[in-house]
Amino acid sequence: MTDRLNVDEDGVWLTDSGRRFGYPWSEVTGAGISVLLLPPDAKRLITVEVDHVSGDFLSITDGVEGFKEAVEALVARSGGEPPNLATLSPEDTVTIALVGESPSA
């Protein structure tokens, strides 16, 4: 199980059992947030998918530590306002435009 999600000046990173992996900004092409309702009792699951230039992606669920802060950092990086994760529904589509290097680079 993934321990933590982190977004920093270098990119998007997951830490799992002490190992860090993820994508540097130069390899990130975008991200999106979606809500799923899981059977049998329609439990809400929020995911963020971070897209890589290769076509691969990271899919991270809201149970991971740092999820909310990472979503806020991703949206802030794109210049947008973070969505209210508590009110998102499966019909909502949140696309986060992220391309290449850090704005400060």
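The values are calculated or read from the model by the stated rules, or taken from the named source; none is laboratory data. What you see is a predicted model; the values in this text were computed from it and never measured. Don't worry about glycine lacking a Cβ; one is built from the backbone with ideal geometry, like all the others, and counts go over all protein chains shown. Surface accessibility is based on the protein's heavy atoms, side chains included, excluding ligands, DNA and RNA. Shrake-Rupley method; radii C 1.70, N 1.55, O 1.52, S 1.80 Å.
Annotations
- Flag for Pro40 being part of a loop (DSSP other than H, G, I, E, B) and open to solvent by less than 90 Å² (accessible area, probe 1.4 Å): no
- Which listed residue, of Ser59, Ser34, is in contact (Cβ under 8 Å) with a residue 24 or more places away in the chain, under 18 Å from Leu5 (Cα atoms) and among the small types (Gly, Ala, Ser): Ser34
- Selection within region 1-21: residues that are in contact with a helix residue (DSSP H, G or I) (Cβ under 6 Å, 6 or more places away or on another chain) and of a type in the set (A, V, I, L, M). The member of this set that is nearest to Val48 (Cα to Cα) is Leu5.
- Meets criteria (open to solvent by less than 90 Å² (accessible area, probe 1.4 Å), modelled with pLDDT of 95 or more, over 15 Å from the mean Cα position of the chain (by Cα) and closer than 17 Å to Tyr23 by Cα) for Ser54: yes
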